[in-house]
Amino acid sequence: MLDRTHTIPKNRFEDWHLEKVSSLLKNFDNEEHNLIDVLHFFQRTFGYIDKEVIPLLAKFFNLSRAEIHGVISFYHDFRQSKPASYILKICQAESCQAMGSRKLTTELKAALDIDFHETNNEADITLEPVYCLGNCSCSPNLTINSQLFSRVTSDHLKQILEELKNAQHD
C-alpha cells in the first residue's frame, strides 16, 4: 500500500551555536520587516528558535526582547524546542474533519501517547496540527516532513507509523 514512507528523509537540523547564528545574521539586512524571514531561516536551519537567540535578534533589529518573543509566540509555526526527526502534521480543517481527521487525530495521539506540539522520543515523531494543506479534495490529509499523504485511513495511518518506527531501527 505505501512503499514510499522510507523515502521520507529525516530532519537533520544543525545544533544551535550563538557564534554561528551571529555569523548567519550578517547575511540579512537589519530592517524590522526582515524579522519573519530571519526566523523562518533559523527554523529551517536549526529546527526551532532557541530562546538564547532572542537578545541577539533584539539587538540586531533594534527591537525589545518582548517584541521578538511576541512574534515567535504569536505564529504557530515557530517552535521553541527542537523537533523530532519526523514532524507529522495532521489537518484539522473542515474538509479533513468531515472525512475523518478527528478520528485519525485521536488514533495518532493514542498510538504515540502524545498531544499536539509534543514529541514521542521512541518513534522520533513530533505531532502538530495544521489547518489546511490545500488538498481538500483528497481529505483527510497529513504531512510528514512536508511530504503529503492523502485520503489517509486508519489502516494507512497504522502502516505509516509502523514504517516510521521501523526506520528508527535501520
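Read-outs throughout are calculated quantities, based only on the coordinates presented, and are distinct from any laboratory measurement. Treat the numbers as computed from the prediction; the structure is a model and nothing was measured. So basically every Cβ, Gly included, is an ideal-geometry build from the backbone, and we count neighbours across all protein chains shown.
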Protection proxy ranking of 91-98, 129-136 - average other beta-carbon atoms within 10 Å, highest first = 91-98, 129-136
By residue number, which cysteines of the chain lack any other Cys whose Cβ falls under 4.7 Å from their Cβ?
-> C132, C136, C138
Taking every Cα atom in the chain, find the radius of gyration and the maximum pairwise distance Dmax, and write them in Å.
-> 17.8, 53
In whole Å, what is the distance between the alpha-carbon centres of region 101-170 and region 21-38?
-> 33
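What is the antiparallel percent of DSSP beta bridges lying wholly in the chain, to the nearest 5?
On the way: 9 of 15 bridges.
Antiparallel bridges: around 60 percent, rounded to the nearest 5.
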